[in-house]
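Every read-out reported here was derived from the displayed coordinates using simple, explicitly stated rules and does not represent laboratory data. Note that the coordinates shown come from a computational prediction; the quantities given were computed from them, not determined experimentally. Glycine gets a Cβ as well: all are built from the backbone with ideal geometry, and neighbour counts include every protein chain shown.
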Amino acid sequence: MAVLSSISALAGHVAPEIAGGVTVEIGGIPIFLRSGNADFCEMIERRYAGFVNPAASPEYEFDIDLNPPAEPSDEDARVWKRDDVWFFERGDFHAEWDSRTRRGCVRQAPNPYAIDTVLRIVHSLVLAEEGGFLLHAASAIRSGQAFVFTGVSGAGKTTISRLAPSNAAVLTDEISYIRRCSRGYRAYGTPFAGELARVGENLSAPLGALYFLEKGPANRIVPVSNRAVVPALLRNILFFSHDEQLVKRVFDSAFEFVSRVAAARLIFTPDERVWRLIG
Amino acid sequence: MNEIYIARSTAVASRVLDGEIVIMSAVDSTLFSLSEVATVIWQAADGRTPLSEIVRSRICAEFDVAPDAAYRDAEAFIDDLARHGILRVSSAPISRDEPQVAAMAASIPVRTA
């Protein structure tokens, strides 16, 4: 396949500065997106402003091959693995990524949504390998700790982000980035914006607590059993692939996470006083 | 009555949590949280013990339930899990080495069985 051939051709091709492209560093993981199209690179720099780091040494590299314009696709991306190569596909892109060489290529329409989905998928796969995950959740740093607010659509992720006080740094209102580290977990800011259409702050902090959001008549924190936490957490983790080994790994990661991170229900009424309970 | 044999699929991740089993299908990421009775059936699903024997010696012996009702409930339970590739069901004993056919099903969030 032509795209696979181009992965092979990339072998040994280093020094990203010799070709056009942008290094986007999310969660402390720099990914170089190589493209000779200046307009596309400029669009990437705008979209991921705050997460572009030309000085970083890329851990992963993708060659971007732009197709003629296509409408952004609403369908779910299909993700599968054959040997060491991952394949991601949707109406507006086709990507292949060799997890062993850490190089890949994307053939995509010149819209930002395709590369955004590719980045989400790649990060979810990289995180899964090390015991972390992407979570449908808002998150913010306050008093040196990160707090993650997860819940189903409409539970209040955007609302809790909008209500954050000035001494809280919002990491995301949509997709939380959770990495396993030696002493627990860290939450990182992401540029994956939700309804606020606001890129999160490129910061990170040790994870203090996980809250399951519910709207209610008063602000209160309610204890919750591990038995309830695990299914609720798994339900909100982003699964792009049904690869058997990946699913098992993420399943185990969820149990490990619950054994180490405090979790509770956060019932809140939509005003800023809810933040008195946080941090 | 034709015997039914059931075996746990290897294409699942499972853990005991507070005495109950949580299972995730690797086929479609469906999550099951098993009740006490369902947990007993899952643990007894060795591919060699007929379902009728599991119901008689485990379910009826450990829970206050009539055999016919217990068997009907067990059948419904295993049908549900089999659809998601979590249990293998056969009219003959199932060998561990027997190739597994993954059941394809639409993903649904969390099931309690």
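The mean number of Cβ atoms from other chains found within 10 Å of a Cβ in peptide A:224-230 is 3, as a whole number. Orientation-averaged projection of the range A:138-279 equals 8.3 nm² [convex hull of Cα atoms, one quarter of hull surface area].
The shape of the range A:127-177 comes out oblate: with a ≥ b ≥ c from the C-alpha gyration tensor, a/c is at least 1.5 while a/b does not beat b/c. Computed from the C-alpha gyration tensor, the three semi-axes of the ellipsoid equivalent to chain A are 34, 20, 17 Å, from longest to shortest. Relative to the Cα centre, the charge distribution of the protein assembly as shown, modelled as +1 at Lys and Arg Cβ and -1 at Asp and Glu Cβ, gives a dipole magnitude of about 1160 debye. For the range A:43-99, the set of trypsin sites (Lys or Arg not before Pro) satisfying both a DSSP loop assignment and a count of at most 13 other C-beta atoms within 10 Å is empty.
About the centre of its Cα atoms, the range A:146-225 shows a dipole size close to 240 debye [charges on the beta carbon of Lys, Arg (+1) and Asp, Glu (-1) only; nearest 20 debye].
Using only Cα atoms, find the angle between the long axis of helix A:112-129 and the longest principal axis of chain A, and express it within 0 to 90 degrees, rounded to the nearest 10. Taking Cα atoms only, the helix is inclined about 70 degrees.
Helix A:226-236 and the longest principal axis of the C-alpha atoms of chain A enclose an angle of approximately 40°. Taking the 0 to 90 degree range and rounding to the nearest ten, how far is the long axis of helix A:244-260 tilted relative to the main principal axis of chain A, both from C-alpha atoms? Value to nearest ten degrees: 30.
With the helix formula -39500 (n - 2.57) applied to DSSP H stretches of n ≥ 4, chain A reaches a computed 222 nm mean residue ellipticity of -8000 deg cm²/dmol.
The residue list A:THR172, A:GLY184, A:ILE237 was ranked by how far each Cα lies along the charge dipole of the range A:138-279 toward its positive end, using unit charges on Cβ atoms, and A:GLY184 comes out on top. What is the range A:2-129 by shape, rounded, prolate or oblate, if you read a ≥ b ≥ c off the alpha carbon gyration tensor as root eigenvalues and call it rounded for a/c under 1.5, prolate for a/b larger than b/c, and oblate otherwise? Judged from the Cα gyration tensor, the range A:2-129 comes out rounded (a/c under 1.5).
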